[in-house]
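Everything below concerns the one structure shown next.
The values are calculated or read from the model by the stated rules, or taken from the named source; none is laboratory data. Since the structure is predicted, the reported quantities are computational estimates derived from the model, not experimental observations. All Cβ positions, even for glycine, are placed from backbone atoms using ideal geometry, and neighbour counts span all protein chains on display. Just the protein is used for accessible areas: all its heavy atoms, side chains included, with ligands, DNA and RNA removed. Shrake-Rupley method; radii C 1.70, N 1.55, O 1.52, S 1.80 Å.
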Amino acid sequence: MKRKRNYRLFLLILFCIFLAVTIIWVTRHMEIQPSNRNILLKCNAYCAIQLDNRTIKPLSLHQTERQSTGEEGLLVPNVIHFVWFGDPWSFTFLNYLSFLSVHKVLSPEYIFIHGENIPNGYWWNRTTLDVSNIYHVYRQAPTTALNGQPFKFKEHKSDLARLQIILSYGGIYLDKDMIVLKSFNQLRKYQTVFGRETKYALTNSVILGQKKAPFLKILHLAYYAYNGPTETWTGTSLRVPDSMSRILPAMVHVEQDTFNRPLWNDLKVYFHGSYNWSRLYATHVWARKAKQTGLALPKSPDDIRHWNGSFGEITRFIYYGPNDVV
């Protein structure tokens with residue numbers, strides 16, 4: 001009798017161990033991270049989304065161009081791409097505002113985050129509640145330029161990746177501290193769109209592109225001439241596109257002053273003074289530059305509620321809406 005009880009106890013312990021291992025395995029390998037309204041999932045070439053116990057047919061990144069360019073005369077799909085490499089992305093209130101602006105102003109069909117890690121934190125959880133159709137696409141950072149040269153600046157890894165993503169799939173790339181203010185539909189009729197940063201450099205904080213656009217194909221080849229240890233910050237990423245736009249103006253549309261404004265040297269006026277943002281398609285907050293110059297960034301809605309200056313106006317416009325600015 002005692003032996004029988006020990007045997008049952010052994011089976012119970014064995015079952016508990018098996019159950020614990022199964023729970024740990026499922027937790028670590030679970031692909032879907034649910035929120036109340038939207039589902040975020042990891043995917044590579046293909047994604048499937050499950051919502052309210054309904055499985056929606058798998059989505060292929062290669063299908064996004066066909067699905068998103070139904071509007072007559074528009075070449076660029078209404079699909080948004082963000083890129084993040086490195087440490088896990090601890091989402092900030094500013095990142096939330098960026099995604100919220102995309103959702104409210106552009107109403108994209110899909111928002112893709114390309115990188116190794118899914119974002120985290122309170123404001124990421126809030127984003128998955130308030131913003132629809134977010135997908136995480138696992139992508140490793142490129143280790144070298146196309147000619148095998150090492151990247152002098154880690155940011156150049158993202159510069160190459162964002163170019164390759166738009167070239168491969170089409171859509172709109174945005175930096176994670178961009179705030180969208182106006183519809184891009186007038187720009188989506190062009191094969192490729194860049195904005196001007198300085199007199200001799202374009203910006204890649206926003207890129208609009210049709211899949212396999214000729215300008216992007218040629219620009220991609222520039223990374224076979226990347227200079228490795230002697231590369232400059234703006235060289236291949238910003239100055240080469242500018243030179244190409246002058247040689248091949250028919251292949252690219254350049255917005256002169258409606259994308260990457262204000263510039264970093266106007267941040268103090270932008271944050272605490274008056275800056276005319278009525279013409280901007282999108283504004284660049286320059287979060288890293290702001291921190292370097294001692295300018296505080298908002299951490300919550302309380303910080304923007306009574307923020308004096310144009311930056312306060314813009315963030316309230318996105319967060320509260322045009323009719324509810326306080």
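Scanning the stretch 116-145 for residues that are in contact with a Phe, Trp or Tyr (Cβ under 7 Å, 6 or more places away or on another chain), touching a residue at least 60 places away in the same chain (Cβ under 8 Å) and either open to solvent by 30 Å² or more (accessible area, probe 1.4 Å) or not in a loop (DSSP other than H, G, I, E, B) (or both) returns ASN133, TYR135, VAL137.
For every residue, the table says whether it meets (1) without any contact (Cβ under 8 Å) to a residue 24 or more places away in the chain; (2) of a type outside the set (Phe, Trp, Tyr).
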position	(1), (2)
ASN265	yes, yes
TYR270	no, no
GLY273	no, yes
SER278	yes, yes
ALA287	no, yes
THR293	no, yes
ALA296	yes, yes
ASP302	yes, yes
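Out of all the residues in the stretch 185-197, is one or more over 15 Å from the mean Cα position of the chain (by Cα), at pLDDT below 95 and closer than 12 Å to PHE259 by Cα? Looking through the stretch 185-197, at least one residue is over 15 Å from the mean Cα position of the chain (by Cα), at pLDDT below 95 and closer than 12 Å to PHE259 by Cα. Taking the criterion of being crowded, with 19+ Cβ neighbours inside 10 Å, within 12 Å of the chain's Cα centre (by Cα), modelled with pLDDT under 95 and within 26 Å of ARG239 (Cβ to Cβ), would at least one residue in the stretch 83-101 satisfy it? Yes, there is a match, as at least one residue in the stretch 83-101 is crowded, with 19+ Cβ neighbours inside 10 Å, within 12 Å of the chain's Cα centre (by Cα), modelled with pLDDT under 95 and within 26 Å of ARG239 (Cβ to Cβ).
Just one of the listed residues (LYS157, LYS176) is surrounded by 17 or more Cβ atoms within 10 Å (Cβ to Cβ) and farther than 30 Å from SER310 by Cα, namely LYS157. With in contact with a His (Cβ under 7 Å, 6 or more places away or on another chain), exposed (fewer than 15 other Cβ atoms within 10 Å of the Cβ), at negative phi and not hydroxyl-bearing (Ser, Thr, Tyr) as the only criterion, which of ASN276, ASN308 stands out? Exactly one of ASN276, ASN308 is in contact with a His (Cβ under 7 Å, 6 or more places away or on another chain), exposed (fewer than 15 other Cβ atoms within 10 Å of the Cβ), at negative phi and not hydroxyl-bearing (Ser, Thr, Tyr), namely ASN308.
Scanning the stretch 221-244 for residues that are in contact (Cβ under 8 Å) with a residue 60 or more places away in the chain and either open to solvent by less than 70 Å² (accessible area, probe 1.4 Å) or under 23 Å from the mean Cα position of the chain (by Cα) (or both) gives TYR223, ALA225, TYR226, GLY228, GLU231, TRP233, THR236, SER237.
Regarding ALA213, is this residue buried (at least 18 other Cβ atoms within 10 Å of the Cβ), in contact with a Phe, Trp or Tyr (Cβ under 8 Å, 6 or more places away or on another chain), touching a residue at least 40 places away in the same chain (Cβ under 8 Å) and farther than 20 Å from TYR281 by Cα? Here the answer is no, as ALA213 does not meet what is asked.
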